[in-house]
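Q: Have a look at the structure that comes next, please.
The values are calculated or read from the model by the stated rules, or taken from the named source; none is laboratory data. Remember, it's a predicted structure, so these values are computed and weren't measured experimentally. With ideal geometry, Cβ positions are generated from the backbone for all residues, glycine too; neighbour counts draw on all protein chains shown. Only protein heavy atoms, including side chains, enter the accessible area calculation; ligands, DNA and RNA are left aside. Shrake-Rupley method; radii C 1.70, N 1.55, O 1.52, S 1.80 Å.
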2 protein chains.
Amino acid sequence: MAVFSAVVEVRLRPGIADPQGATIERALPALGFSGVTGVRAGKSFRFAVQARDAAEARATATALCDRLLANPVIEDSLVTILTED
Amino acid sequence: MAVFSAVVEVRLRPGIADPQGATIERALPALGFSGVTGVRAGKSFRFAVQARDAAEARATATALCDRLLANPVIEDSLVTILTED
């Protein structure tokens, strides 16, 4: 068994209202930022997964997303398996 | 000017207590997940940046992190510039 590092990004599906992102975007001109648009806020998670290979680590991380970290009705999740420690 | 996609991951610095991550980790055995450890929760942001080149887009995104998205006392940020649209 090896230990893999997983990074999960959970983001709202396109079309789902994102008040946090909209609020950030509204604040930008007052801070002197121009040319930044389409701000979307989401969550990120990092954890270590014990698995036989990267495919098994990905399967565990994806199941974890679907069961606990993301709400699949309104959120997408993007799983990245980084390295074998 | 081109438009670049930026992804920012804001995470707690190592050593800073992460109650959200700890709570997720405690819930895992009851959901049937074993071998998942070191859960850390963070935030992710995606936005489009108008800039002359990728270096300028990265500079804008990094400044935005330091001024608005992250609290540099307790948080690290990781900026990725994805593509030229």
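Q: Is it the case that the range A:49-61 has a residue that's on the phi < 0 side of the Ramachandran plot, in contact (Cβ under 8 Å) with a residue 12 or more places away in the chain, facing another protein chain (nearest Cβ under 7 Å) and open to solvent by 60 Å² or more (accessible area, probe 1.4 Å)?
A: yes
Q: Same structure again: Suppose we filter the range B:22-34 for residues that are open to solvent by 20 Å² or more (accessible area, probe 1.4 Å) and either in a loop (DSSP other than H, G, I, E, B) or under 24 Å from B:Asn71 (Cβ atoms) (or both); how many remain? Talk me through it step by step, then tell me what you get.
A: Taking the range B:22-34 and keeping what is open to solvent by 20 Å² or more (accessible area, probe 1.4 Å), we get B:22-27, B:29-34.
In the following step, the residues that additionally are either in a loop (DSSP other than H, G, I, E, B) or under 24 Å from B:Asn71 (Cβ atoms) (or both) were identified as B:22-25, B:32-34.
Of the residues in that region, 7 qualify.
Q: Which of the residues belonging to the range A:22-38 are within 17 Å of B:Arg52 (Cα to Cα) and more than 7 Å from every other protein chain (Cβ to nearest Cβ)? Working first, answer last.
A: Step one: filter the range A:22-38 for residues within 17 Å of B:Arg52 (Cα to Cα), giving A:33-37.
Once the filter is applied, which keeps residues that are within 17 Å of B:Arg52 (Cα to Cα) and more than 7 Å from every other protein chain (Cβ to nearest Cβ), the range A:22-38 yields only A:Ser34.
Q: Do you know which of the residues in the range B:1-16 that are in a loop (DSSP other than H, G, I, E, B) and more than 8 Å from chain A (Cβ to nearest Cβ) is least open to solvent (accessible area, probe 1.4 Å)?
A: In the first step, residues of the range B:1-16 are kept if they are in a loop (DSSP other than H, G, I, E, B); the result is B:1, B:13-16.
This time we only want the ones that are more than 8 Å from chain A (Cβ to nearest Cβ), so: B:13-16.
Working: B:Arg13: 86, B:Pro14: 114, B:Gly15: 83, B:Ile16: 51 Å².
The extreme case among them is B:Ile16.
Q: Quick one: is B:Arg67 open to solvent by 60 Å² or more (accessible area, probe 1.4 Å), in contact with a helix residue (DSSP H, G or I) (Cβ under 7 Å, 6 or more places away or on another chain) and in contact (Cβ under 8 Å) with a residue 24 or more places away in the chain? Full working, then the answer.
A: Details: open to solvent by 60 Å² or more (accessible area, probe 1.4 Å): yes; in contact with a helix residue (DSSP H, G or I) (Cβ under 7 Å, 6 or more places away or on another chain): yes; in contact (Cβ under 8 Å) with a residue 24 or more places away in the chain: no.
When the stated conditions are applied, B:Arg67 does not pass them.
Q: OK, next. Regarding B:Pro19, is this residue modelled with pLDDT of 95 or more, more than 7 Å from every other protein chain (Cβ to nearest Cβ), open to solvent by 50 Å² or more (accessible area, probe 1.4 Å) and more than 25 Å from A:Ala57 (Cβ to Cβ)?
A: Details: modelled with pLDDT of 95 or more: yes; more than 7 Å from every other protein chain (Cβ to nearest Cβ): yes; open to solvent by 50 Å² or more (accessible area, probe 1.4 Å): yes; more than 25 Å from A:Ala57 (Cβ to Cβ): yes.
Considered against the rule, which asks whether it is modelled with pLDDT of 95 or more, more than 7 Å from every other protein chain (Cβ to nearest Cβ), open to solvent by 50 Å² or more (accessible area, probe 1.4 Å) and more than 25 Å from A:Ala57 (Cβ to Cβ), B:Pro19 comes out as yes.
Q: Being assigned to a helix (DSSP H, G or I) and among the β-branched types (Val, Ile, Thr) narrows it down to one of B:Thr83, B:Thr37, B:Thr60, so name that one. Before the answer, list the steps.
A: Values: B:Thr83 fails: assigned to a helix (DSSP H, G or I); B:Thr37 fails: assigned to a helix (DSSP H, G or I).
The unique qualifying residue is B:Thr60.
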